[in-house]
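Accompanying notes for the structure given below.
Derivation of every value follows stated rules applied to the coordinates shown; laboratory data play no part. In this text the structure is predicted, and so the values were computed from the model without any measurement. All Cβ positions, glycine included, derive from the backbone under ideal geometry; neighbour counts span all protein chains shown.
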Amino acid sequence: MKRYLILISISIFLGSCTKNEKNEINIYSKRHYEVDKLLYKKFEEKTGIKVNIVKAGDDELLERLKNEGLNSPADLYVTVDAGKLQKGVEMELFQKIINDKIDANVRSELKDPHKYWIPITYRARLIVYSKDRVSLDQLSTYEDLANPKWKGRILVRSSSNAYNQALMSAMYANLGKDDVTKWSKGLVNNFARNPKGNDRDQVKAIAAGQGDLAIVNSYYIGLLLSSEKLAEIDAGNSVSIFFPNQAEGDRGTHINISGYAMTKNPPNKENAIKLLEYLTGEEAQNIYVNNSYEYPANPLVNPSDIVSSWGDFKIDNLDLNLLGSFRDDAIKVFDKTGWK
Ligand code: FE
């Protein structure tokens, strides 16, 4: 009995030593949305675990993780692009996250087949069109945006943007090199102006009559429509939403996820798991959809009222890791076809 007690106390002692967890989590984040701050604060209030954030661009954060190696203070990395998560996996920065509760919280179509990252939300990169100058029956697919009927009418931001790089990577994976190059050439020929501004600016340009169609992330329309600025609400109201490639037998609309990966040697692993359980759970997912207007990763949660009003759509089920593998090829297509 005595020996048994000694063994227990030794294992408790070892357990607390080897973990050496503080009551905190360190996150390297590329996300730029207010909703994250709100959710971290709620998590802190619930658990007493302090959430520390380092914000920077993806390439900078991944490089930093690589340089810090096993001594990195970071527990988690979060970004808005499966392609960058895949890049981090390729750089051997992350470990698999195997957890039944988190796994059950997430829609299966969104999951990483290799379990290196956890999706928390997703967004569609869709087409918005002028309610006055375009009719629904003129629209069909991303491919059709290269049709000369759209000459001088299409608005989209620069090719240096990660959302466009992910879209081009998906198009490359789906169409192959020759067809994607032709497509991009045709699309560039149809630009209403040289690419500039962010996604919201493209919608504002439609409202101002500078173009008729734009390629934008879905949540920006929710953000415009729920804005406190009249000009933003007007811009949101000047367009309708179109989900491309929905016809029977077609592949569906391009999406991307926001997701978390866990570092190789996280100082606060248990806390990090707790945070991921919370963020994929129903309470946090409802807060995401009603603040950032993203789609929820949790199948039990509905999108916000605004986003739900657009109806359901078929997701392009491409393995999202390909958004990373085809990134360099996609950038070559941009360069070759003059998409600045
Ligand atoms: Fe964004």
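Observations on the structure shown:
- Charge sum, other residues only, whose C-beta stays under 10 Å from Lys87's C-beta, Lys/Arg counted +1 and Asp/Glu -1: -2
- Anisotropy class of the stretch 156-291 from Cα gyration tensor, a/c 1.5 cut: oblate
- Between the stretch 100-177 and the stretch 290-340, the Cα center-to-center distance that results, in Å: 5 Å
- Around the amide H of Glu24, modelled in the peptide plane, lie the amide H atoms of Lys50, all under 5 Å away and 5 or more residues distant in sequence or on another chain.
- Net charge, Arg251 excluded, C-beta distance under 10 Å - Lys, Arg +1, Asp, Glu -1: -1
- The DSSP beta bridges internal to the chain are antiparallel in roughly 65% of cases.
- Distances between placed amide hydrogens fall under 5 Å for Ile53 paired with Ile27, all partners being 5 or more residues away or on another chain.
- Packing order of peptides 322-335, 202-215, 58-71, highest average first: 202-215, 322-335, 58-71 (average count of other Cβ atoms within 10 Å over each peptide's residues).
- Unsatisfied cross-links (Cα-Cα over 24 Å) in the set Lys30/Lys151; Lys42/Lys269; Lys30/Lys269; Lys269/Lys314; Lys41/Lys115; Lys196/Lys332: Lys30/Lys151; Lys269/Lys314; Lys41/Lys115
- By definition, a body whose alpha carbon gyration tensor gives a ≥ b ≥ c is prolate when a/c is 1.5 or more and a/b is larger than b/c, and the stretch 295-335 fits this prolate description.
- Ranked Asp199, Asp103, criterion: other C-beta atoms within 10 Å, fewest first: Asp103, Asp199
- Projected label distance in nm at Ile53 and Ile287, using a 7 Å step from Cα toward the beta-carbon: 1.2 nm
- In this simple spin-label approximation, Leu70 and Asp234 carry label points 7 Å from Cα along the Cα→Cβ vector, and these lie 6.1 nm apart.
- Once the chain from Asn302 to Lys115 is taken as fully extended at 0.36 nm per residue, the excess over their C-alpha distance is 64.9 nm.
- Scalar couplings 3J(HN,Hα) for the stretch 213-221, obtained by applying the Karplus form with A = 6.51, B = -1.76, C = 1.60 to θ = phi - 60°, are 10, 9, 9, 9, 6, 3, 5, 5, 5 Hz; x denotes Gly and Pro.
- Working note: Karplus 6.51/-1.76/1.60 with θ = phi - 60° gives the stretch 182-199 the couplings 4, 4, 5, 4, x, 5, 4, 4, 9, 4, 6, 6, 5, x, 7, x, 9, 4 Hz, where Gly and Pro are set to x.
- Using the average count of surrounding beta-carbon atoms within 10 Å as a protection proxy, the listed peptides 231-240, 31-40 rank, highest first, as 231-240, 31-40.
- Magnitude of the charge dipole, the chain, Cβ model with Lys/Arg +1 and Asp/Glu -1, debye to 20: 680 debye
- Of Ile315, Asn298, Ala261, farthest towards positive along the dipole that unit charges on Lys, Arg, Asp, Glu beta carbons give the stretch 241-340: Ala261
- Built amide H within the under 5 Å cut-off of Asp112, gap 5+: Trp117
- Net charge, Trp117 excluded, C-beta distance under 12 Å - Lys, Arg +1, Asp, Glu -1: +3
- Gyration tensor (alpha-carbon) shape descriptor, the chain, a/c threshold 1.5: prolate
- Here the 3J(HN,Hα) profile of the stretch 143-156, calculated from phi with Karplus coefficients 6.51, -1.76 and 1.60 at θ = phi - 60°, is 4, 5, 5, 8, 5, x, 4, 9, 3, x, 10, 9, 10, 7 Hz, Gly and Pro shown as x.
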